[in-house]
Amino acid sequence: MNNKKNTSKPDEKSTKDKIFDVSVDLFSKKGFDAVSMREIGREVGIRESSIYNHYKNKEAILDAIINFFLSELEASGLPEEQMDELIATSPDMFFKIGAKTFIERMSTPKTEKIWRIISIEVFHNKKIRKFFVEELLETPLKSWEAIFTKMMEENLIKQYDPKILAREYFSYAIFLYFEYFILKYDTDYTSFMDLAWDKMADHAKFILDSIKIDSI
């Protein structure tokens, strides 16, 4: 009989995870350029040289952060089958469930810090600016354009330019992002969920009430 005990802790973070989390925390407070590898190592509790066993350089840490954020972003949407069913049966519920699912997924302590990093770096980091434009502006707008097009095909909303509808709906989400992560971050609200949920739900209702076809 093997009496050897497993002394490892299942919830214990790996050194690479600790480097990742410490970097997210420091970058969100000071900005990417203001944080050194030495400082990251000191906060993790390892030598600076040990970081290079896990990440090639500081830029590689930032790349890992953005890749993690992108994976969370991709996982924040509703499954396509559920989305199609909700659009067809209850557009109101689609907007409500879709917005709540996205906000809850993207409002964890870690993702909120990454939102903040993006907010700081978008002004001078070309890679972050490109990511912001492609993944946080262009991709969502294309998705919403497709959603409004589908709603028109199902005769659920009035015929209108879907690009304009997408911009009208999504521009308010950008406003909320700006309000929280640039103007009020870490001051008036404990999380983006506290600020955004009711406001986004009200905005979605306003848009849908304005364009839906009244049942006879």
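The values are calculated or read from the model by the stated rules, or taken from the named source; none is laboratory data. What you see is a predicted model; the values in this text were computed from it and never measured. Don't worry about glycine lacking a Cβ; one is built from the backbone with ideal geometry, like all the others, and counts go over all protein chains shown. In case anyone asks, the SASA skips ligands and DNA or RNA and just uses the protein heavy atoms, side chains included. Shrake-Rupley method; radii C 1.70, N 1.55, O 1.52, S 1.80 Å.
General observations
- Residue among 90, 23, 76 that is out of contact with any Asp or Glu (no Cβ under 6 Å at 6 or more places or on another chain) and farther than 30 Å from residue 158 by Cα: 23
- Test: residue 111 is open to solvent by less than 50 Å² (accessible area, probe 1.4 Å), assigned to a helix (DSSP H, G or I) and touching an Asp or Glu at 6+ places or on another chain (Cβ under 6 Å): yes
- Given (1) among the small types (Gly, Ala, Ser); (2) modelled with pLDDT of 85 or more; (3) not in a helix (DSSP H, G or I), index of the condition residue 8 fails: (2)
- Residue 116 modelled with pLDDT of 90 or more and open to solvent by 30 Å² or more (accessible area, probe 1.4 Å): yes
For every residue, the table says whether it meets (1) in a helix (DSSP H, G or I); (2) over 17 Å from residue 106 (Cβ atoms); (3) out of contact with any strand residue (DSSP E or B) (no Cβ under 7 Å at 6 or more places or on another chain); (4) modelled with pLDDT of 90 or more.
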{"position": "149", "(1), (2), (3), (4)": "yes, yes, yes, yes"}
{"position": "159", "(1), (2), (3), (4)": "no, yes, yes, yes"}
{"position": "167", "(1), (2), (3), (4)": "yes, yes, yes, yes"}
{"position": "174", "(1), (2), (3), (4)": "yes, no, yes, yes"}
{"position": "181", "(1), (2), (3), (4)": "yes, no, yes, no"}
{"position": "186", "(1), (2), (3), (4)": "no, no, yes, no"}
{"position": "195", "(1), (2), (3), (4)": "yes, no, yes, no"}
{"position": "206", "(1), (2), (3), (4)": "yes, yes, yes, yes"}
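- Cβ pairs under 7 Å, 6+ apart, first in segment 124-145 and under 17 Å from residue 114 (Cβ atoms), second crowded, with 17+ Cβ neighbours inside 10 Å and among the charged types (D, E, K, R): 128/121
- So residue 95, is it open to solvent by 90 Å² or more (accessible area, probe 1.4 Å) and hydrophobic (A, V, I, L, M, F, W, C): no
- Hey, residue 84 touching a residue at least 24 places away in the same chain (Cβ under 8 Å) and part of a helix (DSSP H, G or I) or not: yes
- Of all the listed residues (101, 108), the sole one being among the β-branched types (Val, Ile, Thr) and touching a Gly at 6+ places or on another chain (Cβ under 8 Å) is 101.
- Residue check, residue 167 of a type outside the set (Val, Ile, Thr), at negative phi and surrounded by 18 or more Cβ atoms within 10 Å (Cβ to Cβ): no
Every residue, every condition in (1) more than 15 Å from the chain's Cα centre (by Cα); (2) closer than 24 Å to residue 195 by Cα, yes or no:
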residue: 92; (1), (2): yes, yes
residue: 105; (1), (2): no, yes
residue: 112; (1), (2): no, yes
residue: 126; (1), (2): yes, no
residue: 142; (1), (2): yes, no
residue: 149; (1), (2): yes, no
residue: 157; (1), (2): yes, no
residue: 167; (1), (2): yes, yes
